[in-house]
Each structure stands twice: as C-alpha cells, then as structure tokens.
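*Asks:* Please read through the structure below; I'll follow up with questions.
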Amino acid sequence: MALTVEQAKTWLEDFYTEIEAQKQYLSDLDTPIGDGDHGNNMARGMTAVHEDISDADFASVSDLFKKVAMDLISKVGGASGPLYGTAFLEMSKTAAGSTELKDLVSAALAGIEKRGKATTNEKTMIDVWSPMAEKLNSDEAVSEADIDQFVESTKDMVATKGRASYLGERSVGHIDPGAMSSGYLLKALVKVGA
Ligand code: ADP
Ligand code: MG
Ligand code: MG
C-alpha cells in the first residue's frame, strides 16, 4: 500500500528507537567479521535523523526521505552510510511518483546494488532487501518472521563484499551486521501497516 508522510515518520522514529536499543548488539555482530562499529555508525546517523524530523513538517514523503538520505550520508560513515543514503535518495526520487511499498523497496534495492557493486548471496544487507522486494513485487504479505529469516540466511554465506570479505570462508557462521540493521528497518516498515 501507499505510505503517507505520517506513516513514514512513524517508521523512521521506530527505527531510530530500535537502533538505539540494539546499538551494542549491532557493533558486536560487526566485531568478528568487521571493525565493530556498525551499531555506533547507525546510531550516529539515526540520532541526526530523529533530531531533524521529530518536530519538522514535510510536504511530501519525497522531501522527508531526501532529508533522511542527507543525514545518513553525512553522519553514518563507513560502507553502510553511502549505501543507506543511496537507498533513501532513490526512495525519495520514486516517492515523487509512488509511495507503494513495493516501488520504494525496489528502488532502494537497485540503488544499494549499484552503489555497492554487489548482488545477492554476498552476505550483505542486499540479502535482506532483495527477498523483501521480491515478496512485495509478487504481492505476498511479508511478516516480521519472514524478515528474520532473510537476516538469518546471511549466517551461512561466505562474504565476498565489504570488510567481511577479507575473512573469506571464516566469515561463515556470523550474521551480517548490515543485514541485521536492514532487518530492523524493514520490520519497522511492515509494522507501520501501509
Ligand atoms: P564499515 O564496514 O565501513 O565499518 P559498517 O560497519 O557501518 O561499515 O557497515 C558494514 C555493512 O555494510 C556490512 O555488514 C554489509 O551489510 C554492508 N556492506 C558492506 N559493503 C557492501 C557492499 N559492497 N554492498 C552492499 N552492502 C555492503
Ligand atoms: Mg564496521
Ligand atoms: Mg568502519
């Protein structure tokens, strides 16, 4: 269904709350296969988003997402900052014409894939965005349990992109931190009920 500005704000505030609550866990996931900063990176970005949107009015979902994109690009840093920033920038462009979830998620996925020069099965956030887009595009209902499964699927994968790829086979057995944070984002979206 189509997302309103109010629903989009609720989504982002819920994600902010979840990131604050899971900050340590996300950095812990990033410790064995990365540099242990993913939770802190995301918390820095989402704090900026929260400060910029909580008391502000936005004329459209497109304007709101543009603001979010700028905050994430300038505040998150690392590999994930430009990727999440691109996701929101692409969603902002798409939202000018449609705020249907399938259109938004498909646009975000395409942006992440292009920016990260990556595809599915490389143990990244794409392994959550891609099956999510697929389900939405086939008009299937997506539950929180489905999303948990997408996140969990990264555990058995060998990383071939990002810092975790330096470990090769030794990356197996660990959930990808960016997949986990993307799971929180998409679960919060499902909860909004748009
Ligand atoms: P950094 O690795 O620079 O410290 P973060 O820890 O914030 O950045 O983010 C790491 C996450 O970014 C990974 O868990 C993965 O999901 C995602 N990621 C890294 N490289 C890519 C890529 N090329 N394409 C898609 N996602 C990627
Ligand atoms: Mg990191
Ligand atoms: Mg880092």
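The values are calculated or read from the model by the stated rules, or taken from the named source; none is laboratory data. Here the structure is a predicted model, which is why all the values come from computation and not from measurement. Every residue, glycine among them, receives a Cβ derived from its backbone with ideal geometry; neighbour counts consider all protein chains shown. These area figures cover heavy atoms from the full protein model, side chains too; ligands, DNA and RNA do not enter into them. Shrake-Rupley method; radii C 1.70, N 1.55, O 1.52, S 1.80 Å.
*Asks:* Where Rh is the Kirkwood radius over the Cα pairs of region 1-124, the temperature 20 °C and the viscosity 1.002 mPa s, what D in µm²/s does Stokes-Einstein return? Working shown, then result.
*Replies:* Details: Rh = 14.8 Å.
Rounded to a whole number, D works out at 145 µm²/s.
*Asks:* If you fit an axis through the alpha-carbon atoms of helix 5-33 and take the longest principal axis of the Cα set of the chain, what angle between them do you get, 0 to 90°, nearest 10?
*Replies:* Rounded to the nearest ten degrees, it is 10.
*Asks:* Something else about it: Would you give the gap between the C-alpha center of region 107-147 and the C-alpha center of region 19-82, rounded to a whole Å?
*Replies:* 19
*Asks:* Moving on to the next point. When only C-alpha pairs under 8 Å and at least 6 residues apart count, what is the relative contact order of region 1-147, in percent? All intermediate terms of the calculation are to be shown ahead of the outcome.
*Replies:* Working: 187 pairs, mean separation 27.2, N = 147.
Relative CO of region 1-147 lands at 18 percent.
*Asks:* Another one. Could you work out what % of the accessible surface of the chain is carbon and sulfur, using a 1.4 angstrom probe and leaving DNA, RNA and ligands out of the count? Write down the numbers at each step before the final one.
*Replies:* Values: 4250 of 8660 Å².
Carbon plus sulfur share of accessible area: 49 percent.
*Asks:* Can you compute log10 of I(q)/I(0) for region 1-68 with the Debye formula, treating each Cα as one identical point scatterer, at q = 0.14, 0.28 Å⁻¹?
*Replies:* Those come out to -0.47, -1.13, one per q.
*Asks:* Follow-up question, since we're still on this one. Within region 122-143, find all residues whose amide N lies under 20 Å from a label point positioned 7 Å from the Cα of SER165 along Cα-to-beta-carbon.
*Replies:* Hits in region 122-143 for SER165 at 20 Å: 122-131.
*Asks:* Now a separate question. By how many nm would the segment from GLU144 to MET1 lengthen if fully extended, with 0.36 nm per residue of separation less the alpha-carbon distance? Don't jump to the answer; show the numbers that get you there.
*Replies:* Working: separation 143, 0.36 × 143 = 51.48 nm, distance 1.68 nm.
Between GLU144 and MET1, full extension yields 49.8 nm more.
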